[in-house]
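Read through the structure below, which is laid out as structure tokens, and then see the notes.
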């Protein structure tokens, strides 16, 4: 399903112009980058958003870290009681404002690394260097035997506020939790550990192989309401640093991606060999592995390697059915992805690649590179159908596919968001959008709001960073968190030319309780359909035929605040816009 967005509330002429552009120049639609629609900077000290997730009402949940001094997210100011504290916050694209924020941390350095959302329940995980880590009125032990520990916590979103329900600490002599997925009452957690991995003091895994580093782990938990209990745990690796960084779950298939520096790394019955010929301290290579969740146990089904002799690593993984997408950074002169080979343009370049799970194995289908002579970092990935989006940072002049998609940074690093339509056996970049200023600016996380076709982008930026025509302001003296949205321009290409006769006006926008929709002139009745952010139908209405533009009311009673998509079908044409409900 394709959706078309207004440039702003109450702008029907903008919709008509976009529809006319599609009809006259359809070949330009996918090449035209979408515009930045919103951009907000947090206040206070140094902070950075590192992870995000969305709910069915179009809200965005973000988490990250702030340093040394308080940080302000909307009307909430969080104290900094350690060297670095972690935060979790709710951001509303409907209002462009932070709704609530919560602090997590102890007296040392604490970092949020991953989020997962199910209904009004939000799960967050991260890394703690504090012996005791606090979550509101809750506290857990997260450190033992030196080094870092990890945590997982559950919150209930109460609308304009949130409260912690439970928290658990994982003790290890050095490790991290980097990825989190929720599926019903099951939680999947992945990261790395050194020595042993214990949950609330109970040992789950022991690392007997890694003499100089850590092993990767994947852990399944069950949310029992007032706490979580471990179900099974798997580890992988060799005698050096090996760590999992990303997860994707499709039914009973659990996919994990990460990096291994061991000369050989073991994944159940499978072994991977590092491409770096230096046996003492090899550079990392990429791995993607499949686990089958059998309920109370699990087993590895296959594992694949990617990379070359240089420093290559992955940061993101997504799955759509059997199609897997992995993204990251490589600085090998050539990096292999199955039979696909990418050559670096210099420094570190970004990569995104596709595998297809064939059951007992998987094969790479395509791989794409982006970059230039300086460094690029690809940090996040979001996929909907065959639409693949990536985000990261670039320095100097970087090329995304064809020379027409070359961009030059304004400062040391600028943030970027790029789009690749997956054609099955191949892919190419369709557009790239950038943001930044003279200082360092980084896009670190993406979240897709499918129904209104908005892309949320989070990260950190410094004044005077620009997001297209937007120049957000802050009182933060250094870099601080940003929350921003992009419209999804490739959807324009799928709007039928017959729709150019339609004009559509919705007001007020944002609306509360009910909205008035001015329908296009048609010879027949019009069907109004309202979708939530997950594409689910939440309202329908049939309006009678009108010889001229006519107004009809749409009942919004009982809908949660958020961004919705309104589609009007009349006389063989369709038009879609977004409607914010407050």
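For region 196-208, check the following and say yes or no: at least one residue is farther than 24 Å from residue 293 by Cβ and over 24 Å from the mean Cα position of the chain (by Cα). Looking for residues that are farther than 24 Å from residue 293 by Cβ and over 24 Å from the mean Cα position of the chain (by Cα), one finds at least one in region 196-208, hence yes. When the criteria are applied in full, residue 443 fails the requirement of being modelled with pLDDT of 95 or more, crowded, with 24+ Cβ neighbours inside 10 Å and more than 18 Å from the chain's Cα centre (by Cα). The numbered conditions (1) at pLDDT below 95; (2) more than 26 Å from the chain's Cα centre (by Cα) are all true for residue 231 except (1). Scan region 369-376 and tell me whether some residue there is within 22 Å of residue 487 (Cβ to Cβ), at pLDDT 95 or above, assigned to a strand (DSSP E or B) and touching a strand residue (DSSP E or B) at 6+ places or on another chain (Cβ under 9 Å). Checked against the condition, which is being within 22 Å of residue 487 (Cβ to Cβ), at pLDDT 95 or above, assigned to a strand (DSSP E or B) and touching a strand residue (DSSP E or B) at 6+ places or on another chain (Cβ under 9 Å), region 369-376 yields at least one hit. Of the strands (runs of 3 or more DSSP E) lying entirely inside region 108-185, those containing at least 1 residues that are buried (at least 17 other Cβ atoms within 10 Å of the Cβ) and at pLDDT 95 or above are 110-118, 121-128, 132-135, 149-157, 162-171, 176-183.
Residues that are in a loop (DSSP other than H, G, I, E, B) and within 24 Å of residue 155 (Cβ to Cβ) within region 198-253 comprise 200, 201, 224, 225, 226, 227, listed in sequence order. Taking the stated definitions as given, is residue 218 more than 22 Å from the chain's Cα centre (by Cα) and at pLDDT 90 or above? Against the criterion (more than 22 Å from the chain's Cα centre (by Cα) and at pLDDT 90 or above), residue 218 does not qualify. Regarding region 68-81, can at least one residue be identified that is at pLDDT below 95, surrounded by fewer than 18 Cβ atoms within 10 Å (Cβ to Cβ), within 19 Å of the chain's Cα centre (by Cα) and over 20 Å from residue 149 (Cα atoms)? No, that holds for no residue.
Of the strands (runs of 3 or more DSSP E) entirely within region 43-102, none holds at least 2 residues that are closer than 24 Å to residue 181 by Cα and touching a helix residue (DSSP H, G or I) at 6+ places or on another chain (Cβ under 9 Å).
Consider region 384-400. How many of its residues are in contact (Cβ under 8 Å) with a residue 40 or more places away in the chain, surrounded by fewer than 23 Cβ atoms within 10 Å (Cβ to Cβ) and assigned to a strand (DSSP E or B)? Number satisfying all stated conditions: 3. Please report, ordered by residue number, the strands (runs of 3 or more DSSP E) entirely within region 254-346 with at least 3 residues that are closer than 22 Å to residue 183 by Cβ, touching a strand residue (DSSP E or B) at 6+ places or on another chain (Cβ under 6 Å) and in contact (Cβ under 8 Å) with a residue 60 or more places away in the chain. Of the strands (runs of 3 or more DSSP E) lying wholly inside region 254-346, those with at least 3 residues that are closer than 22 Å to residue 183 by Cβ, touching a strand residue (DSSP E or B) at 6+ places or on another chain (Cβ under 6 Å) and in contact (Cβ under 8 Å) with a residue 60 or more places away in the chain span 285-293, 298-306, 312-320, 323-330.
The values are calculated or read from the model by the stated rules, or taken from the named source; none is laboratory data. Quick caveat, the model's predicted, so the values are computed rather than measured. Because the Cβ atoms are built from the backbone with ideal geometry, glycine has one as well, and the counts that use them run over all protein chains shown.
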